[in-house]
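Read through the structure below, which is laid out as structure tokens, and then see the notes.
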Amino acid sequence: MQDRYSPQAVERDAQNFWDAHGSFRTVEDPAKRKFYCLSMFPYPSGKLHMGHVRNYTIGDVLTRHYRMRGMNVLQPMGWDAFGLPAENAAMANRVPPAKWTYDNIAYMKKQLQSLGFALDWQRELATCRPEYYKWNQWLFVRMFRKGIAYKKTGIVNWDPVDQTVLANEQVIEGRGWRTGALVEKREIPMYFFRITDYAEELLAALDGLPGWPEQVKLMQKNWIGRSEGVRLAFPYELAGEARELWVFTTRADTLMGATFCAVAAEHTIALHAAKTNPELAAFIEECKRGAVMEAELSQIEKKGMPTGIFVTHPLSGAKLPVWVANYVLMGYGEGAVMAVPAHDERDYAFAGQYGLPIAPVVRHALGDTVPGPWKPEYAEQGTLINSGKYDGLDFQAAVDAIAADLQAQGLGEKHVQWRLRDWGISRQRYWGCPIPIVHCPKCGDVPEKEENLPVRLPEHLVPDGTGNPLAKMPAFYETSCPACGGPAKRETDTMDTFVDSSWYFARYACPDNTEAMVDARARHWMPVDQYIGGIEHAILHLLYSRFFQRVMRDEGLFGTLDPEHALAKGEPFTNLLTQGMVLAESYHRENAQGRREWVNPAEVEVTRDAKGRITSARRIADGAELTYGGIGTMSKSKNNGVDPQALIEKYGADTARFFIIFASPPTNTLEWSDEGVEGSFRFLKRLWAHGAKFHGRGDSGATDDANAKAARHEIHTVLRQANYDLSKHQFNTVASAAMKILNALERAPLEGPVAREGLSILLRLLSPITPHIAHHLWCELGYGEDIMQAAWPEPDPAALEQDEIDYVVQINGKTRGSLRVPRSADRPALEALARASELVARYADPAAIKKVIVVPGRLINVVA
RNA sequence: GCCCGGGUGGUGAAACUGGUAGACACAGGGGACUUAAAAUCCCCUGGCCGCAAGGCCGUAUGGGUUCGAGUCCCUUCCCGGGCACCA
């Protein structure tokens, strides 16, 4: 056996062994319990980043652990290969997105393989391949026929200079990232998925997901946003025609306190009033400028302007003015709200700003009036006042009575409102899945015939930033109508990449099927038993996947299902582990054009103050002063990614894997630092050295040796804890446990069964984390041929037993020492020992003892 | 702004269901080995007071519940994620 640990050789040999034995190939096996372990597939951005390494290492630890526990584990890998970065790279390098993407996939696949992940590569898929996206299109057509996919207008960011639609991340401070032009909102026709049809089910089913973090379920719940209230109408006249302004409110009890209504800039009333009011038209134009992001909209100053139009209060008959307000969103509800300034903080501020009346109608904790400044109590529910016949009613009674009166007049009803909006999937971009619709002047929007799918995306185009190249390519869009055969134009928008990632997990079960989207194998493997990915996907990706799973179920793609079958419930992921993000510091400077240029932390030298805060930073290469951009997720845009490749090359995959597991529990954010990697490498070197020393020793040696016995007790105690930690997915302490076991082994005698057993436990415990070195030592030390075939270690109860237990002794809740007590001591014996102990004599008056609290096996607290 | 998390030594973290705070490491200091360095090994390392024994303080902040709080409840501050076209 080599004296020196040489990770490259060890890892190459282990990987060759796995390749030769097809160790990670998985087929359906009814004799074993199936376990589908899936990590979110990567976007092929060029090279792996630390977030990937972390994600896939976590998945691999789970996979290898469950394999050793005898399950039939499926762990596939693929590529989320459509998306914006490929177009950006294409513009920068004049290379087609397809070539860039395929090159990246080839390189990143090598990287993944070098990390030794137990992946079944035979199932590899890439969403940009026609074999894959054909089924996006196929399902889209079915959804379109069913009405789950439909067309309406949606609002996008428009760059007036490049004449192109911008993604939110391409809008920087309200301007286009390339042109610097002020971005405008523009309404365009788009396709939507009717996810709101499933809102109720998506919400209710969250309760049936015990394997999901509460935090994620809560985020989804809030996102879906069920609210019960009343939909009601304010009648008005427009150009002599009777109309109704419909609003939704959760506070119908405050209806008698409504003093005005506010509508979005795009609302019919606003547009009508603007025709004769240039000032209002200008204000509406102002509202239309700027980005569409909600985060941005919520930060803007609340502004409004009267329309001059009045509506009639449905109960009091009073005339209320209608205002245009920039905080009312057209996309949410009816694009109009009733304003009750006395009991709503935003309305209160708005009324104060524009001198609108404030009418209190609810008795709150502070009284019957609402003097400024605003108090949260004003918004609380209470008994109605100043509300005529509704006076004296509480919240629920008032809502019931008011809803009944409105309904009698046909001016309102109880209503459940959802915050969730339908999913707009059209993207005016090239590098995505074409939407299989043909626009025919005679037949309208006609889906492509099934036999003509997939609608292939040409792979040779290079976008230039001025709109979708497909829209400039007659060979792509000139076609004939699938219905009437006449000349027609193909849709040139492509699908949101979230469509691709909403069902890939089902396709892994049967990636080779050219006849069907999914088959019986999907029914076997689905649902995913353990899904692992970044917390940043907690809402959108996971919600869309849950929606798609239900659409596929309702399309009968999984066959007829027993109602108790997990797939019948529509949930694709039984257990979810949301790993924390990998964060890194970022640095930037202004370049000659006044744009921010981000410098990779590897090229930066920083100075820190006594508290470790960064005081200044400069680029090592040229000494340029840099601005510290704070700590944040590793991203291409901030150029703060740490390349794992250097780490792998210097220390090997096992060290990289061990460090990333050891550094932090999976769900924590991980602030990247290069320090600490050395320590992981040192540990593996020590492990190797221990193995080399142990190599060739016999099993002779004293079993009864007290040191050996103590070591065995320690090892099994640590193992018990490690197994518990594994079950909680707290892998960092499993790595610690391995270190503790090695420490114990180094203190214990090197020969004999305890040493041999201890090392075998250590190797098996480590094998999911550092599979290469574990594989090598396992073979080399004669434990077996393949550690993956070995049984998972369990602690021996006999080794865990102890003759004496150390009890913590507290006096009045303060820890004062400990008592060594025979294991057999019962509660009265423990109490007596404590009362008689010299600790009590020293810190309390034994005569004044009021009570003694005994926690078995742990602690005695004497209260005096 | 709204929704969801988090905050423990110089650093990453640990601490079972409310029961000895800081396991295991990193960094730092001291020492051994070496001509020297690297590597390796040993010792020390939360703060304050003390020659020592020991004492007091300490889990972002301020309060509360409890025999006992890092852990439960409330307040404030700071940091991270999401906000529907980044993936």
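The values are calculated or read from the model by the stated rules, or taken from the named source; none is laboratory data. Note that the coordinates shown come from a computational prediction; the quantities given were computed from them, not determined experimentally. Virtual Cβ from ideal backbone geometry, glycine too; neighbours counted across all protein chains shown. Heavy atoms of the whole protein, side chains included, go into the accessibility calculation; ligands, DNA and RNA do not. Shrake-Rupley method; radii C 1.70, N 1.55, O 1.52, S 1.80 Å.
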Mean projected area in nm² (Cα convex hull; one quarter of hull surface) for the range A:710-864:
11.2
Rounded to the nearest 10 Å², what accessible area does A:Tyr332 show when all protein chains are kept and the probe is 1.4 Å?
100
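Taking loop as defined by DSSP and a crowding limit of 15 other beta carbons within 10 Å, which GluC sites (Glu not before Pro) in the range A:135-236 fit?
The qualifying sites are A:Glu173.
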Which one, A:Asn575, A:Thr164, A:Met495, is farthest towards the positive end of the dipole of chain A when Lys and Arg carry +1 and Asp and Glu -1 on their Cβ?
A:Asn575
Search the structure for amide H atoms under 5 Å from the amide H of A:Leu583, placed 1.01 Å from N in the peptide plane, and list their residues when 5 or more places away or on another chain.
A:Leu670, A:Glu671, A:Trp672
DSSP bridge pairs, chain A: antiparallel proportion in percent, nearest 5
80
If you fit an axis through the alpha-carbon atoms of helix A:50-68 and take the longest principal axis of the Cα set of chain A, what angle between them do you get, 0 to 90°, nearest 10?
60
Can you show me the helix-derived [θ] at 222 nm for chain A, built from DSSP H runs with n ≥ 4 at -39,500 (n - 2.57) apiece and divided by the number of residues, rounded to the nearest 500.
-10500 deg cm²/dmol
Alpha carbon Rg of the range A:320-367, scaled by the compact-globule rule 2.2 N^0.38 Å:
1.26
Space enclosed by the convex hull of the alpha-carbon atoms of the range A:665-784, per residue, Å³:
99
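Give me the net charge for the shell around A:Met1: Cβ to Cβ below 11 angstrom, other residues only, Lys and Arg +1, Asp and Glu -1. Intermediate values should be presented prior to the final figure.
Working: positive: A:Arg4, A:Lys693; negative: A:Asp3, A:Glu780.
Net charge in that neighbourhood comes out at 0.
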If amide H atoms are built 1.01 Å from N in the plane of the peptide, which residues on other chains or at least 5 residues away come under 5 Å of the amide H of A:Trp212?
A:Leu576
Please state the charge dipole magnitude for chain A, taken about the Cα centre, from unit charges on C-beta atoms (+1 on K and R, -1 on D and E), reported in debye and rounded to the nearest 20.
640
Neighbour cut-off at most 14 other Cβ (10 Å), DSSP loop, GluC sites (Glu not before Pro), the range A:745-797
A:Glu785
Rounded if a/c is under 1.5, else prolate if a/b beats b/c, else oblate: with a ≥ b ≥ c from the C-alpha gyration tensor eigenvalues square-rooted, which is the range A:65-109?
prolate
Tilt, helix A:97-114 to longest principal axis of chain A (alpha-carbon atoms), in degrees rounded to tens, equals 20
Trypsin sites (Lys or Arg not before Pro) in the range A:342-449 lying in a DSSP loop, each with at most 16 other Cβ atoms within 10 Å of its Cβ, come to A:Arg419, A:Arg421, A:Lys442, A:Lys449
Using only the Cα atoms of the range A:410-491, construct the convex hull and provide its projected area averaged over every direction, in square nanometres to one decimal.
9.6
Cα gyration tensor of the range A:349-470 - equivalent ellipsoid semi-axes, whole Å, descending
56, 23, 13
Treating cross-link reach as a plain straight distance, find the lysines whose alpha-carbon is under 22 Å from the alpha-carbon of A:Lys375, omitting any fewer than eight places away in the same chain.
A:Lys302, A:Lys303
So for the pair A:Gln122, A:Glu286, with labels modelled 7 Å out along Cα→Cβ, what separation do we get in nm?
6.7
Ranked packing of A:643-650, A:820-827, most packed first, by mean Cβ within 10 Å
A:643-650, A:820-827
For A:Lys47, which lysines qualify as cross-link partners when the Cα separation must be under 18 Å and same-chain residues fewer than eight apart are set aside?
A:Lys99, A:Lys109, A:Lys110, A:Lys636, A:Lys638, A:Lys650
Where only protein heavy atoms count, and the probe is 1.4 Å, what is the accessible area per residue for the range A:336-431 in Å²?
47
For chain A, with +1 on Lys and Arg beta carbons and -1 on Asp and Glu, the positive-most of A:Pro314, A:Gly676, A:Pro527 along the dipole:
A:Gly676
Cross-link reach list, lysines versus A:Lys850, counting only Cα pairs under 16 Å and skipping chain neighbours closer than eight places:
A:Lys814
Rh_Kirkwood(chain A) over Cα pairs, Å, one decimal, evaluates to 32.2
By its C-alpha gyration tensor, with a ≥ b ≥ c as the square roots of the eigenvalues, how is the range A:152-214 shaped: rounded for a/c under 1.5, else prolate for a/b larger than b/c, else oblate?
oblate
What list of ³J(HN,Hα) values in whole Hz, one per residue of the range A:798-807 in order, does the Karplus curve 6.51 cos²θ - 1.76 cosθ + 1.60 (θ = phi - 60°) give from phi, with Gly and Pro shown as x?
5, 6, 7, 6, 9, 7, 10, 10, 8, 9
How large is the charge dipole for the range A:409-517, taken about the Cα centre, if only the Cβ atoms of Lys, Arg (+1) and Asp, Glu (-1) carry charge, to the nearest 20 debye?
360
